[in-house]
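Q: Have a look at this one.
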Amino acid sequence: MELPLCPAKPRPGDRIAVLSPSSGLPGVFPLPYELGLRRLQDDFGLKAVEYPTTRTMGASPEARAADIHAAFADPDIKAVITSIGGEDQLTVLPHLDRDLLRAHPKPFFGYSDNTNLLLFLRNAGIVGYHGGSVMVGLGRPGALNPLTEASLRAALFASGEYELTPAGAFGDVDGRWEDPGTFDAEPETEPAGGWIWHNGDRVVDGISWGGNLEVISWLLMADRAVLPVESYA
């Protein structure tokens, strides 16, 4: 495993690429997407730059890979964030140019199906950030979740350690994204029970690895992006 590259962070006023490497849902549900874009500009001071497949449902894997290459190769783009996840980003990986991405490292933000690209970048030795979504996190109805805002701001602009804290409440019932009324109020939540740790009686340190477990299972079945165990030692 090559030593990881920690790409330089953007600053307020910089341009950030908004890509849809998985699903072009911004073209289907513009309300949460455009709300997320406004918050990128108004709350974080970043200028969003869209690409040909950002709002295109059913874009080919080759076209989505081309947008990834264009965003990373553009010196005026200082970071890359995804619009949302999906379910077929695995098909994009064979079309990616590892050397191009490593030659132009950028902070990359995404989760869910974007675990594919996060692991691809990690294998290329580029640090990425498991989190951040224009439509879901930034496009949350009513207001940004304070924990989301604080952690994303730290990941975007700060360096060094950042302590994650458990959420005091959670919710898993969303309104209809095509209904403007959905965005008038924050989603309903209920108290959270804190974190549950596996093997929580011991401390382990090292470079983190992983992401969405379902996506990792797909990668294992397809024999893509997941390296032999000894590569992660």
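The values are calculated or read from the model by the stated rules, or taken from the named source; none is laboratory data. Remember, it's a predicted structure, so these values are computed and weren't measured experimentally. FYI the Cβ positions are ideal-geometry reconstructions off the backbone, even for glycines, and counts take in every protein chain you see.
Q: Being outside any loop (DSSP other than H, G, I, E, B), surrounded by 15 or more Cβ atoms within 10 Å (Cβ to Cβ) and in contact with a Lys or Arg (Cβ under 7 Å, 6 or more places away or on another chain) narrows it down to one residue among LEU156, LEU144, LEU121; which is it?
A: On the way: LEU144 fails: outside any loop (DSSP other than H, G, I, E, B); LEU121 fails: in contact with a Lys or Arg (Cβ under 7 Å, 6 or more places away or on another chain).
Only one candidate passes the filter, namely LEU156.
Q: If you check GLN41 against the conditions, is it over 25 Å from GLY160 (Cβ atoms) and free of Cβ contacts under 8 Å to residues at least 24 places away in the same chain?
A: Criteria met by GLN41.
Q: Using the structure shown, decide if ALA59 is part of a loop (DSSP other than H, G, I, E, B) and out of contact with any helix residue (DSSP H, G or I) (no Cβ under 6 Å at 6 or more places or on another chain).
A: Numbers: part of a loop (DSSP other than H, G, I, E, B): yes; out of contact with any helix residue (DSSP H, G or I) (no Cβ under 6 Å at 6 or more places or on another chain): yes.
Answer is yes for this residue.
Q: Separate question: If you check ALA66, ALA70, ALA8, which single one turns out to be not aromatic (Phe, Trp, Tyr) and not in a helix (DSSP H, G or I)?
A: When all the criteria are applied, what remains is ALA8.
Q: Tell me which of these PHE109 doesn't satisfy, since it passes every other one: (1) in a helix (DSSP H, G or I); (2) modelled with pLDDT of 95 or more.
A: (1)
Q: Let me ask something additional. Mind listing just one residue for me: the one in segment 195-233 that is surrounded by fewer than 10 Cβ atoms within 10 Å (Cβ to Cβ) and among the small types (Gly, Ala, Ser) and, of those, modelled with the highest pLDDT?
A: Among those residues, the one meeting the criterion is GLY200.
Q: Which one is farthest from TYR33 (Cα to Cα), of the residues in segment 165-202 that are in contact with a Lys or Arg (Cβ under 8 Å, 6 or more places away or on another chain) and either assigned to a helix (DSSP H, G or I) or acidic (Asp, Glu) (or both)?
A: Among those that are in contact with a Lys or Arg (Cβ under 8 Å, 6 or more places away or on another chain) and either assigned to a helix (DSSP H, G or I) or acidic (Asp, Glu) (or both), it is GLU186.
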